[in-house]
Each structure stands twice: as C-alpha cells, then as structure tokens.
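Below is one structure. I have some questions about it.
Read the figures in this text as sums done on the coordinates, not as results from a lab. The structure presented is a predicted model; accordingly, all values stated were derived computationally and were not measured. Please note: Cβ atoms are built from the backbone with ideal geometry, for glycine as well, and neighbour counts cover all protein chains shown.
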2 protein chains.
Amino acid sequence: MSEVSTSIRKDISLYCSSCGASFPPDMRLLACTVCGEPLLVKYGEISTNPHMEIPVYSCNALVSLGEGNTPVIKMDKLGSRLPCGNIFAKLEFMNPTGSFKDRGTAMMISVAKGFNIANLVEDSSGNAGSSVAAYCGKAGITAHIFVPSSAPQPKLDQISVYGAIAHKIEGTREMVTDAASDFVDEKGYVYGAHKLSPYFLEGTKAFAYEIARHNLGEMPEHIIMPVGNGSLYIGAWLGFKELIFKGVISKMPKMHVVQASAVKPLVNLFSGNRKEEPIGITVAGGISVSNPPRSKLIGEILLETGGHAAAVDDEVILEWQKILAQENGIYCEPTSSSAFAGLEYLIRDGIIAKKESVLVAVTGFGLKDNLYI
Amino acid sequence: MSEVSTSIRKDISLYCSSCGASFPPDMRLLACTVCGEPLLVKYGEISTNPHMEIPVYSCNALVSLGEGNTPVIKMDKLGSRLPCGNIFAKLEFMNPTGSFKDRGTAMMISVAKGFNIANLVEDSSGNAGSSVAAYCGKAGITAHIFVPSSAPQPKLDQISVYGAIAHKIEGTREMVTDAASDFVDEKGYVYGAHKLSPYFLEGTKAFAYEIARHNLGEMPEHIIMPVGNGSLYIGAWLGFKELIFKGVISKMPKMHVVQASAVKPLVNLFSGNRKEEPIGITVAGGISVSNPPRSKLIGEILLETGGHAAAVDDEVILEWQKILAQENGIYCEPTSSSAFAGLEYLIRDGIIAKKESVLVAVTGFGLKDNLYI
C-alpha cells in the first residue's frame with residue numbers, strides 16, 4: 001500500500017450500501033469484502049454549508065482540467081415532438097475531453113495522486129479511457145487503458161494523444177475487462193476502474209449541485225440520462241441526497257434510466273424480466289454494458305426516486321441524433337441522443353405528464369463517435 | 001432588404017475604424033463604401049453598468065447553444081519550459097461546436113435572425129463553417145458553407161451533421177472565398193462571413209469580459225493567441241476597451257499575435273517586411289490566411305497595446321501540441337498549440353519578462369483536426 005499524502009480527507013471511509021460494512025479509504029479496495037458489492041465514500045462530518053463534499057482536503061488538491069460547470073440550454077424547438085413542460089439539456093459533452101466522465105476522473109485521479117499512485121489501469125469503451133488518459137497525463141501518472149479494438153477511431157486516437165499506453169483488445173467488452181484485470185494481477189498496478197471507483201462518483205455528484213445552482217426558474221421534476229455502468233446516474237443521486245441533507249433543495253427529482261434495446265440489463269431488472277436475454281449490438285457504445293456492477297444500487301435509486309427504465313431502438317436513437325444536430329445545433333454521440341429517444345418513450349407511456357419539466361444529460365460529443373456519420 | 005425585427009438594438013450603427021464613415025445596421029454591408037475597410041458596430045449609448053453591450057435587445061433574443069464561460073486553468077507544469085509569471089490557459093475549445101468561433105457565431109446568427117434572413121453563406125477553413133452550421137440549424141436558417149476539400153474530415157463531417165449544405169472547393173483558400181462570393185452574387189443570399197461581420201466581433205468580446213470576471217488573482221499582463229483573420233483578437237480588444245470605458249478594468253493587456261512561419265502576413269506587417277513572400281503550407285490550418293481583411297486594424301491594436309507578432313515553425317507547433325496533451329491533459333488543434341510556441345518565442349526574445357503573467361487562448365479541440373495524429 002502506497003503512503004497516503006495529507007491531501008486526502010481524514011474523515012472519509014468506504015462503505016457498502018448493501019450490507020453496511022465499512023473500510024478505511026484505499027485505492028485498491030473496489031468491492032465489499034463481506035458481500036462483494038462495490039463501495040461508496042462516507043464522510044465522517046458533512047458540513048451544513050452549501051458546498052459539495054469532496055474526498056480531498058481542498059480544491060487546491062484537485063487535478064483539474066476545467067471540468068464541470070457545463071451549460072444548460074432550454075430546448076425550445078422540441079414542443080411538438082415532446083409534449084411535456086420545459087425541456088432543459090445539460091451539455092456534458094462540453095467537458096475537457098468531450099464527455100461527462102471528466103467530472104468523475106478529476107476526483108478519482110486527485111485521490112490517486114493523494115495515494116502517490118504511479119501506474120493506473122482502466123478499461124473503457126472509449127470515453128472513460130480518454131478521460132483517464134488526460135488526467136493521468138496532468139497528474140504525472142502512467143495510464144494503461146484497455147479498450148475494445150472496435151471503439152471509434154477518434155476515441156482510440158485520443159487515448160494515445162494524451163500519452164497513455166493503449167491496450168486494444170479484440171473481442172467482447174467483457175474480454176477487455178478480463179484483460180485489464182489480468183494485467184493488474186500480473187503487474188500489481190492499481191485498477192482505477194471508473195465503474196467501480198467510489199471516488200469517481202464523488203466527482204459526478206457535481207452534476208446535481210450545478211442543476212440546483214443553475215437559474216432555471218424551476219427544479220426539473222425529471223432527470224433523464226443514458227445509463228451503462230451508471231457513474232453519472234448514481235453520482236447525481238448522491239449529489240441530490242447531499243443537497244437535501246444540506247437543505248439546498250427540498251425534493252428529489254425522478255431519475256430515469258435509458259438503455260438501448262439490444263443491451264438492457266437495467267430495464268430487465270426494473271421490469272422484473274429475469275429470463276436470460278442474448279446481448280446484441282447497439283450504436284450506443286457508451287451504454288453497451290451487459291452486467292453493470294452497481295445494478296443493485298441503480299435498481300434501488302429507480303424505486304426510491306420513482307424513476308423508470310426505458311429501452312430504445314437504434315433507429316430511434318440515430319433519428320434523435322439527427323434531430324438534435326440539424327434542428328437544435330447539438331452534435332452528440334448516439335449514446336447521448338438515446339436519452340431523448342427515452343424521453344419520447346416516457347411521454348408516450350404517460351410516465352412524464354404534459355406540464356412536467358425535464359432535464360436531459362447530453363453526455364458525449366459527436367466528434368468522438370464517428371461510426372454512424 | 002429584409003424587414004428588421006424589434007430584437008435588434010435601435011441605437012446601433014456600423015462604422016469604419018479607418019475613415020470614420022457611419023452606416024445604418026445591415027446584414028449585407030460588410031465593408032465601408034468610402035474606403036473599403038471592414039466595419040465595426042457602434043452603440044449610441046453605452047451603459048456604465050458592467051454588462052457587455054450586445055447588438056440585440058436582450059439575452060432572450062440570442063440564438064444560444066451554451067457558448068462562452070469557458071474555464072481558465074493555471075498551467076503549473078510549464079515553468080521550466082516557459083520561464084515567466086503565471087500562465088493561464090482559457091479553454092476556448094470547450095464551446096458547443098469545439099472552437100471559440102461559437103462566441104461570434106451566436107451573435108452573428110442572432111442578428112441574422114433579427115433581420116429575418118432565410119439563407120446564409122459562409123466560407124471557412126472548417127471551424128467557423130461548423131459553428132455557423134450549428135447555429136443556423138438552431139435558428140432555422142439554411143446555411144451554405146464553402147470549405148476547402150482538404151479540410152480535416154471531422155470538420156467536413158460536422159458541417160453536414162448540423163444539416164448545412166457543404167460546398168467543398170478544391171484549390172487554395174482564396175478560391176474557396178471566391179466560390180462563396182460568386183454564389184452570393186448568383187443567389188442574392190447574405191454573405192455572413194465571420195471574417196468580415198461586425199456582429200461576429202461583438203460576440204467574441206465576451207472573451208475579454210470573462211477574463212476580467214475570472215478570479216485569477218491578477219489581470220494577465222499578456223494575452224496570446226493564434227491569429228488568422230483575427231476575429232477573437234479584435235473582439236477581445238474591443239471587449240477590453242469597453243471594460244476600461246465602463247471602469248471595470250484599468251489597463252489594457254499587451255495583445256500578441258502568433259502566426260505560422262509559412263503564412264505570416266501580420267508578422268510581416270508588424271516587422272515592416274513589405275517584400276512579397278510565397279505562401280506556404282502549415283499544420284495550423286485555422287490561421288492559414290494569406291490576406292486578412294482586417295489586417296490594418298490588427299496592426300493598430302499591436303501598436304496600441306504594445307503587442308508583438310511572432311512566427312513559429314510547424315515542427316515547434318506540433319511539439320507543443322504533444323506537450324500540451326501528454327503533460328498537461330489538453331488536446332488542442334495545431335492551430336491552437338501555435339500560441340504556446342509563440343509564447344516560448346516571446347519569452348526567449350525578451351518580450352515577456354520573468355515575472356509577467358500570461359493568458360493563452362486555446363482556440364480549437366484536437367478532435368476536430370486529425371490530420372497530424
């Protein structure tokens with residue numbers, strides 16, 4: 001175990017939201033040793049001031065590339081297609097590497113720096129990989145990124161541009177994770193996996209804080225996003241919970257999950273569909289995750305907030321990518337446009353009523369996924 | 001001439017900074033009818049409040065995609081390479097289409113909408129083209145974008161993705177402008193050229209306002225940016241001037257120009273080199289402009305602010321692109337990294353002294369220019 005620097009808060013621990021077990025902070029501990037569930041960060045003291053709690057002592061200890069504070073725009077041309085209240089889009093692709101991942105990565109790598117980590121291993125469908133590559137470059141940490149060789153070329157290029165060592169793996173997404181895992185075992189490096197890291201979620205929490213701070217005139221009743229591993233979804237929920245605790249907001253929005261029809265483990269979980277389903281191929285590569293490690297917690301958040309999980313077809317996802325670009329000036333990945341396809345579905349299904357307001361997370365830049373252009 | 005809507009400020013006029021002639025606002029008037037110089041916007045009344053003057057009546061009249069409010073980060077790993085005071089980078093690539101152009105485009109298209117324009121023609125090396133395409137999509141204006149067929153593929157793709165009509169022209173950059181100009185004459189459409197539009201500069205002014213508002217602890221003594229047509233350079237200068245008039249800042253920073261050695265009309269102008277020079281090819285495609293229409297004004301700004309104009313070689317530009325990505329987590333276009341090459345030059349040349357602070361504009365996302373990856 002590397003020596004811990006003073007930049008990490010002394011009052012944090014890791015805890016298991018499933019069985020309640022508690023552990024001292026560590027970069028190598030990614031799951032509860034009792035029940036196997038991934039862990040969350042717990043703060044000994046939560047201040048009642050409106051600032052977000054972070055696992056490092058101060059903003060000076062952050063490895064930052066200017067992430068966060070993404071704009072929210074009002075989607076005023078969607079009324080006829082999406083008959084609900086105000087629709088806000090939070091443009092998460094306007095982050096330093098072009099995706100929301102930068103929020104989580106900034107925090108994860110800040111903690112890794114606090115632990116004096118020299119080598120970090122990540123596996124990713126592309127966006128997390130390029131994000132980790134960038135922040136490791138800034139922090140002086142050598143990044144080993146395992147990525148499917150079928151990932152879009154701009155994402156593969158981006159990983160190398162930031163100076164990370166890219167390990168391109170042929171085969172399924174699971175085979176990429178296995179290769180990363182074997183490499184970690186062989187080298188003894190830290191597996192800084194964004195999908196398991198409790199610190200990553202402490203970074204994505206800021207998404208919720210910003211929504212509360214934006215001058216939208218109303219707190220959106222519904223939050224909709226594409227969900228694969230759920231690192232933005234869970235982080236946002238943690239953020240809203242913290243904001244309620246601090247008395248900044250009074251009510252939790254309904255948090256909805258959108259997945260592609262071809263890969264929908266969370267939709268199946270939500271609808272109680274327990275039969276084995278073949279995993280297909282989807283244009284929404286960022287949410288093509290057949291077995292999200294935090295699915296239990298995601299199921300609980302859906303239940304607690306009154307959210308729904310919607311599955312959408314690829315052709316509708318691509319149609320929405322086009323509508324967003326051509327009529328609304330937003331060029332996002334298919335993964336991101338799936339959220340609007342999901343919104344359409346939820347309105348049609350009566351889950352979102354006529355006057356209810358919605359905020360959609362637009363997670364990744366279209367420039368990063370050129371496979372369907 | 002189309003009917004003017006009430007969204008355009010009644011007290012604005014266009015004026016020639018060269019001969020002083022004044023004209024009513026118009027989308028078709030791009031140069032002084034007396035002396036031929038491009039025009040600037042003049043406000044009848046400048047309020048003394050600290051808000052930026054804009055040519056439309058209110059922010060509600062803006063066609064916005066969330067542009068501006070880009071982050072500034074402190075470049076704390078450059079000390080050994082660039083021995084000066086604090087170096088700040090303003091990440092202009094974190095704009096909705098991935099370049100600073102969005103600031104200017106938002107304003108130009110807002111005014112075009114105010115004039116009820118239905119078709120707009122632009123010519124561009126790529127970034128302005130994709131920016132105009134996006135904002136026209138949002139505004140419901142048909143965009144005709146003339147672009148060199150040699151532009152990087154992501155930029156060409158992006159123009160079409162936003163639903164604009166892309167006219168790819170083979171030949172020199174000048175031939176692209178000529179083709180756009182012929183098309184305007186033939187169709188009677190408005191030529192919304194970012195390099196000539198006075199409204200575009202009213203948008204890029206915000207760059208200066210944000211620098212004054214950022215909590216940097218100091219006002220940077222030097223501003224450095226790549227300059228082709230100078231739409232950010234001139235806009236920033238107009239912004240600083242307005243801020244001085246409004247009493248928000250007291251001093252104009254020195255505004256430096258960086259160009260590529262192969263295409264350096266402004267460096268030649270600055271150094272008094274009047275002999276004809278063959279135009280070469282450079283990796284910095286965004287500033288490959290052999291004859292900037294506002295070069296006279298740029299020369300005056302250099303003189304007035306005490307700025308310098310530096311020319312940098314392609315190999316140094318590419319070396320800086322690598323340093324920024326691998327050690328600092330910033331993935332920018334070669335056009336943008338040229339500014340850091342320029343900073344190195346200005347320090348070596350004694351123009352920027354040891355303790356003086358610098359702000360560098362990082363103008364375009366590396367994802368947009370993949371020619372040298």
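Shortest first and in nm with one decimal, please list how far the A:S18 label point sits from its counterparts in the other copies (point 7 Å along Cα→Cβ).
7.3
Kindly give the distances from B:R348 to its copy-mates, label point to label point, with each label point 7 Å from Cα along Cα→Cβ, as nm values to one decimal ordered shortest first.
6.2
Which whole number gives the average, over all residues in B:359-368, of C-beta atoms from other chains lying within 10 Å of the residue C-beta?
3
Could you pull out every one of the aspartates and glutamates with an alpha carbon less than 17 Å from that of B:K246, ignoring same-chain neighbours closer than 8 positions?
Candidates past the 8-residue exclusion: B:E45, B:E53, B:E202, B:E210.
Here's another thing I want to ask about it. Just tell me which lysines come within less than 16 Å, Cα to Cα, of B:K275; anything on the same chain fewer than 8 places away is out.
B:K264
Residue by residue through region B:212-225, which ³J(HN,Hα) values in whole Hz follow from phi under the Karplus form 6.51 cos²θ - 1.76 cosθ + 1.60 (θ = phi - 60°), with glycine and proline marked x?
Per-residue couplings from phi come out as 5, 8, 4, 8, 7, x, 6, 8, x, 7, 10, 10, 10, 8 Hz.
How big is the charge dipole of the protein assembly as shown about its Cα centre, in debye rounded to the nearest 20, if each Lys and Arg gets +1 on its Cβ and each Asp and Glu gets -1 on its Cβ?
1340
Would you order A:E202, B:E186 from fewest to most other beta-carbon atoms within 10 Å of each residue's own beta-carbon?
Placing the least packed residue first, the sequence is B:E186, A:E202.
Label region B:265-359 by shape, choosing from rounded, prolate and oblate, from the square roots a ≥ b ≥ c of the eigenvalues of the Cα gyration tensor; if a/c is under 1.5 it is rounded, and otherwise prolate applies when a/b is larger than b/c, oblate when it is not. Numbers along the way, then the final one.
Values: a/c = 2.04, a/b = 1.26, b/c = 1.61.
Verdict is oblate for region B:265-359.
How would you classify region A:101-197 from its alpha-carbon gyration tensor, with a ≥ b ≥ c the square roots of the eigenvalues: rounded for a/c under 1.5, else prolate if a/b is greater than b/c, otherwise oblate?
Oblate shape, in that a/c is at least 1.5 and b/c is the bigger or equal ratio.
Per-residue mean of other chain beta-carbon atoms within 10 angstrom of the beta-carbon, peptide A:63-69?
If you average over the peptide's residues, the count of other-chain Cβ atoms is 5.
Given the options A:E174, A:E45, A:E242, which has the most mean-square fluctuation in a GNM of chain A, springs set between C-alpha atoms less than 10 angstrom apart?
A:E45
How about chain B: what cysteines have no other cysteine beta carbon under 4.7 Å from their own?
Taking the Cβ cut-off of 4.7 Å, the unpaired cysteines of chain B are B:C59, B:C84, B:C136, B:C332.
Looking at chain A from every direction and averaging, what is the projected area of its Cα convex hull in nm²?
Over every viewing direction, the Cα hull of chain A projects on average to 17.0 nm².
Could you please report the charge total around B:P226, scoring K, R as +1 and D, E as -1 over all other residues with beta-carbon less than 12 angstrom from its beta-carbon?
So the environment of B:P226 carries a net charge of -1.
Is region B:173-291 best put as rounded, prolate or oblate by its Cα gyration tensor, with a ≥ b ≥ c the root eigenvalues, rounded for a/c under 1.5, and otherwise prolate when a/b is larger than b/c, oblate when not?
Oblate is the answer for region B:173-291, as a/c is 1.5 or above yet b/c matches or exceeds a/b.
Neighbour counts of other C-beta atoms within 10 Å: give me A:D369, B:D182 arranged from fewest to most. Display every interim value, and only then the final one.
Values: A:D369 29, B:D182 11.
Going from least to most buried by this count: B:D182, A:D369.
Further, regarding this structure: Roughly what would the spin-label model give for B:V34 and A:R274, points 7 Å off Cα along C-beta, in nm?
The two pseudo-label positions are separated by 8.5 nm.
Could you pull the copy-to-copy label distances for B:D313, with points set 7 Å along Cα to Cβ, in nm to one decimal and sorted shortest first?
Between copies, matching label points for B:D313 lie 5.9 nm apart.
What order do you get for A:K113, B:K10 when you list them from fewest to most C-beta neighbours inside 10 Å?
Lowest count first: B:K10, A:K113.
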